[in-house]
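Engineer: Submitted below is the structure of interest, expressed as structure tokens.
Quick note: the coordinates plus some simple rules give every number you see, no bench work behind them. For clarity, every value in this text was computed on a predicted model and none was experimentally measured. A quick note on method: Cβ atoms are made from the backbone with ideal geometry, for glycine too, and the neighbour counts reach across all protein chains shown.
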Amino acid sequence: MDDLIKPKILRGTRDFLPKDMAKRHLVMDRIRSVFVNFGYSAIETPAMEYAETFLGKYGDEGSRLTYTFKDKGGREVALRFDQTVPFARFVARYHKALPMPFKRYQISPVWRADRPGKARYREFYQCDIDIIGTKSLLAEGEIAKVMTVVFEALGFQEFVIKYNSRRLMNSILTTLDVPEERQVEVIRILDKLGRIGRGGVEKELSPHLSVETTRRLLDIIIREGSEAEKIRWLQAYDTKEIKDFLRICDAFGVPMEKLVFDVSLARGLDYYTGIVFEAFLTEVDIGAVCAGGRYDGLCSMFSRERFSGVGVAFGFDRIMLAMEERDMFRGIRLNSRVLVTYFDEATLPNALRILTDLQTARINAEIYFEPEKLGKQLKYADKKEIPFVVICGPDELERGEATIKVMKTGKQKTIPQSQLTAYLNGYTYD
Amino acid sequence: MTDTKRTRIAIQKSGRLTDGSVKFLSSRGLRFQRNGRNLITPCDGAPCDVLHLRDDDIPEYVCRSVVDFGIVGENVLYEKNVRVRLLKRLGFSPCSLVIAVPQGSSIKVPEDLEGERIATSHPRLLTRFLRERQINAAIITIRGAVEVTPQLNLADAVCDITQTGTTLKEHALVPLTTVFESQAVLIESPFPKPDTMNLLSL
């Protein structure tokens, strides 16, 4: 056979091996349990939808990066680009049946026809939470709290949540006589400040603003100081939202030192109207790992009803990469804790009884499938990183005992079979 | 109905800490009926009640602010792992949490405990001790009569409280190492009432 198909996959997509999946599930479970802890309900939307649902919602760049194709029936179809727009479509469709305000989480893959690179894939996961149907700033406060709890649950101590207010930005731009129709574009350019610096921003702003206005604007925005100072310097503009937000965060127990006010933070997307967020893990140079903000008109594309919402997306794959880089997966258990060996035909029923006892006691366990030499069975346990092997031959069986081999140390211990689960459950660590 | 304005102090109903606790409170001028049939006894001339409880319930009562203060063994406090404020180590009722093995055991040093069964009613303190020394062993948690487990082939070692060492000796157990040194401690609720009396400055 020389017509074999090469077992290759598309650029920017990935296969995940058992070890990868153990880590991914661990992280996903921790994130999910925080979402559930705060009362968010799970929803899911289709991987593909009518192209018109997605196209034009993410700006020109977003439309270019959206995967579109014709389905078998000739319909224009697109792959999910993020989880926010499908959520807006979902709310427009089901809002009468949903409890309002509605809090949902969604963890699913999205697809972008981007150039693949470090921490940039064409298929990747997002973990979103959104609160829709309330304008209360308590929602922003809760989102900030959830961010801190998620990072802490994952084991990160060093992180910052940068925030800004679109309302404040608009107030600054209006005071500087920037016409309203230009403000979105100006905000989009300001968002690049971190990447292209003051010089780059000045150049990109030149077709839109006078040299003098650009200078005044950047002087306001690029000013180093303490958190309180930064807010005090902006007293002339609309800072009420930010002060209220901080008050709520404080009452929520969000550590104040984690919140960094950044007037240059704009978030590229057009639909934000209030507080915007971007969170960074300060020990890892990987870009924002969580971002989002307040939006007002998102559902208006699908419904005449108005819904104000606030939400963030956690970049699951970036978080994975950060944890990998920080070596935070040490000691992770991949699969079974116990391998029960297959000694011979005569002892097999007893081995299966031991196996069932362990599994019933919620100890993950498996049996080897052939009565091979012990060495081969131990090698299997070793390769699969199973920490304990239970051996029960005819001698042990007669005495009602079993031998446990601890793979890491090679030490063996013989105890009554009836004590196996208590013994394994009592272990200090694997 | 009891008056919630009164300060409540919990002490062990009857046991190792009872005498010391009563002495400590009377040294602060608090006099009350020794535990008779009443769980709650008022102090003479002070806005204060003394509660006589099981010692391992005291941290819970203090944590939940049902009582304002409690006197309890430090070992019990750590084992319960509840959020209370440790105000002071009181110096009385000292005892040790030790690991002991049967005479003639092949376990000679703590490292030999690797893979062995250790019976205890202090699993948290024992886990911490074993983790610090990176010893991986099977902790068998039981409520009491820890000292008989080796002769029943339920454990290879015990981790138990000892004051004089008599109980260990009676069961032919030899101390191997000390896990925790304990004494009576004064604890306070994490949510102190604004008008609670200050037990330490009395």
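Engineer: Based on alpha-carbon atoms only, what is the radius of gyration of the range A:250-383 relative to the globular estimate 2.2 N^0.38 Å? List each step's numbers first, then the result.
Structural biologist: On the way: Rg = 26.3 Å, N = 134, 2.2 N^0.38 = 14.1 Å.
Taking N as the residue count of the range A:250-383, the ratio is 1.86.
Engineer: Suppose we take every Cα in the range B:31-111 and form the convex hull; what volume per residue is that in Å³?
Structural biologist: About 159 Å³ per residue, rounded to a whole number.
Engineer: Okay, next question. Hey, got the dipole for the protein assembly as shown? About the Cα centre, +1 on K and R Cβ, -1 on D and E Cβ, debye to the nearest 20?
Structural biologist: Numbers: 92 positive and 85 negative charges, 160 e Å.
Roughly 760 debye for the protein assembly as shown.
Engineer: Also: Taking 7 Å along the Cα-to-C-beta vector as the label spot, tell me the B:ASP19-A:LEU176 distance in nanometres, rounded to one decimal.
Structural biologist: 8.0 nm
Engineer: So how strong a dipole does the range B:95-182 carry about its Cα centre when Lys and Arg Cβ are +1 and Asp and Glu Cβ are -1, to the nearest 20 debye?
Structural biologist: Dipole of the range B:95-182, to the nearest 20 debye: 200 debye.
Engineer: Given R₀ = 25 Å, what would the calculated FRET efficiency be for A:THR403 paired with A:ALA42, taking r from the Cβ atoms and rounding to 0.05?
Structural biologist: E between A:THR403 and A:ALA42, to the nearest 0.05, is 0.05.
Engineer: For the range A:294-369, state the semi-axes of the equivalent ellipsoid (square roots of 5 times the eigenvalues of the alpha-carbon gyration tensor), sorted largest first and rounded to whole angstrom. All intermediate terms of the calculation are to be shown ahead of the outcome.
Structural biologist: On the way: eigenvalues 534, 81, 17 Å².
They are 52, 20, 9 Å, listed largest first.
Engineer: Further question: Show which aspartates and glutamates lie in cross-link reach of A:LYS408 when reach means a straight Cα distance below 13 angstrom and same-chain residues fewer than eight apart are skipped.
Structural biologist: A:ASP382, A:GLU385, A:ASP430, B:GLU114
Engineer: Can I ask one more? As I understand it, the value is the acute angle between the Cα axis of helix B:18-27 and the longest principal axis of the Cα atoms of chain B; what does it come to in degrees, rounded to 10?
Structural biologist: So the helix axis and the longest Cα principal axis differ by about 40 degrees.
Engineer: With equal scatterers on the alpha carbons only and no solvent term, can you work out the Debye log10 of I(q)/I(0) for the protein assembly as shown at 0.06, 0.08 1/Å?
Structural biologist: -0.53, -0.87
Engineer: Set the Förster distance to 45 Å, then compute FRET efficiency between A:SER418 and B:THR164 from the Cβ-Cβ distance, nearest 0.05.
Structural biologist: Efficiency, from the Cβ-Cβ distance: 0.80.
Engineer: Against the longest principal axis of chain A, how steep is helix A:180-190, in degrees 0 to 90 to the nearest 10, with axes from Cα atoms?
Structural biologist: 50 degrees
Engineer: Looking only at B:ILE161, B:ILE140, B:ILE187, which one moves most when chain B is put into a Gaussian network model with springs between Cα atoms under 10 Å?
Structural biologist: Answer for the Gaussian network model of chain B: B:ILE140.
Engineer: Return one number: the angle in degrees, 0 to 90 and rounded to the nearest 10, between the long axis of the Cα atoms of helix B:123-132 and the longest principal axis of the Cα atoms of chain B.
Structural biologist: 60 degrees
Engineer: Using a 7 Å offset from the Cα along the Cα-to-Cβ direction at both B:ARG131 and A:LEU348, what is the distance between the two label points in nm, to one decimal?
Structural biologist: Result: 4.2 nm between the two label points.
Engineer: Across 10 Å bins from 0, what is the distribution of all Cα-Cα pair distances for the range A:338-425, in whole percents?
Structural biologist: The calculated distribution, bin by bin, is 18, 58, 24, 0.
Engineer: Would you please give the FRET efficiency between A:ARG223 and B:ARG124, computed as 1/(1 + (r/R0)^6) with r the Cβ-Cβ distance and R0 = 45 Å, to the nearest 0.05?
Structural biologist: 0.35
Engineer: What is the mean projected area of the alpha carbon convex hull for the range B:95-182, to one decimal in square nanometres?
Structural biologist: Orientation-averaged projected area of the Cα hull: 4.9 nm².
Engineer: Which value in Å does the Kirkwood hydrodynamic radius of the range A:18-325 take, with 1/r averaged over all unlike C-alpha pairs and then inverted?
Structural biologist: The Cα-based Kirkwood calculation yields 20.4 Å.
Engineer: So, one more: With point charges of +1 on the Cβ of Lys and Arg and -1 on the Cβ of Asp and Glu, referenced to the Cα centre of the range A:298-430, which listed residue (A:MET328, A:GLN412, A:TYR423) lies farthest in the positive direction of the dipole?
Structural biologist: Sorting the options by dipole projection puts first A:MET328.
Engineer: Filter the cross-link list A:LYS162/A:LYS192; A:LYS96/A:LYS243; A:LYS6/A:LYS373; A:LYS405/B:LYS80; A:LYS384/A:LYS413; A:LYS70/A:LYS192 down to pairs whose alpha-carbon distance in this structure exceeds 25 Å.
Structural biologist: From A:LYS162/A:LYS192; A:LYS96/A:LYS243; A:LYS6/A:LYS373; A:LYS405/B:LYS80; A:LYS384/A:LYS413; A:LYS70/A:LYS192, over 25 Å: A:LYS96/A:LYS243; A:LYS6/A:LYS373; A:LYS405/B:LYS80; A:LYS70/A:LYS192.
Engineer: Before rounding to the nearest 500, sum -39500 (n - 2.57) across all DSSP H runs of length at least 4 in the protein assembly as shown and divide by the residue total; then give [θ] at 222 nm in deg cm²/dmol.
Structural biologist: My calculation for the protein assembly as shown gives -9500 deg cm²/dmol from helical runs alone.
Engineer: On to the next question. Given 0.36 nm per residue, what is the gain on full extension from A:TYR50 to A:PHE369 after removing their alpha carbon distance, in nm?
Structural biologist: 110.0 nm
Engineer: Compute the signed sum of charges (Lys and Arg +1, Asp and Glu -1) over the other residues within less than 11 Å, Cβ to Cβ, of A:ALA365. The partial results should precede the final answer.
Structural biologist: Values: positive: A:ARG337, A:ARG362; negative: A:ASP357, A:GLU366.
Taking every other residue near A:ALA365 into account, the sum is 0.
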